[in-house]
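Read through the structure below, which is laid out as structure tokens, and then see the notes.
The values are calculated or read from the model by the stated rules, or taken from the named source; none is laboratory data. It should be emphasised that the depicted structure is a prediction, and the values quoted were computed from it without experimental measurement. Positions of Cβ are generated from backbone atoms using ideal geometry, with glycine treated the same way; all protein chains shown enter the neighbour counts.
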Amino acid sequence: MGESKTITPELKAQCIQEALDIRNAAAVARRHGLSVRLVQKWVQTATKHGTPEEARALKKALQQATTENHQLKQLLGEKDLEIAILHDLLKKAPRASLTDVK
């Protein structure tokens, strides 16, 4: 981009992780004032030729995301069931007329 930015290993690792988390290298690049192509290249290199440590970290992040996704799906199912029960109760409840309300 316009001015030169010092790229530390920490910034690079953070950008790679963010891009993998949100699956949007362009958004990460804009947030950090970097070239989109540079961030895409980092992600591509990390996922193809990453160190075993990076691979373990990515696997752990994927496992956590999968677990969280499963928990959220389960919670959503429970909420859908609660809503369905409440709808049934509303259908069965006697209707009060406006004259009954004081």
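On the given criteria, is ALA96 surrounded by 10 or more Cβ atoms within 10 Å (Cβ to Cβ) and modelled with pLDDT under 95?
It is false that ALA96 is surrounded by 10 or more Cβ atoms within 10 Å (Cβ to Cβ) and modelled with pLDDT under 95.
For the stretch 23-34, what are the residues that are loosely packed, with under 14 Cβ neighbours inside 10 Å and touching a helix residue (DSSP H, G or I) at 6+ places or on another chain (Cβ under 7 Å)?
Once the filter is applied, which keeps residues that are loosely packed, with under 14 Cβ neighbours inside 10 Å and touching a helix residue (DSSP H, G or I) at 6+ places or on another chain (Cβ under 7 Å), the stretch 23-34 yields only ALA26.
Go through the stretch 44-59 and report how many residues are modelled with pLDDT of 85 or more and within 17 Å of the chain's Cα centre (by Cα).
Of the residues in the stretch 44-59, 0 are modelled with pLDDT of 85 or more and within 17 Å of the chain's Cα centre (by Cα).
Do we have any residue at all in the stretch 37-49 that's exposed (fewer than 10 other Cβ atoms within 10 Å of the Cβ) and outside any loop (DSSP other than H, G, I, E, B)? First the steps, then the outcome.
So the first thing to find is which residues in the stretch 37-49 are exposed (fewer than 10 other Cβ atoms within 10 Å of the Cβ), and the list is 48-49.
Adding the requirement that they be outside any loop (DSSP other than H, G, I, E, B) leaves 48-49.
Within the stretch 37-49 (the criterion being exposed (fewer than 10 other Cβ atoms within 10 Å of the Cβ) and outside any loop (DSSP other than H, G, I, E, B)), the answer is yes, since at least one residue qualifies.
Scanning the stretch 1-36 for residues that are assigned to a loop (DSSP other than H, G, I, E, B) and closer than 23 Å to THR66 by Cα, which turns out modelled with the lowest pLDDT?
Among those that are assigned to a loop (DSSP other than H, G, I, E, B) and closer than 23 Å to THR66 by Cα, it is ARG23.
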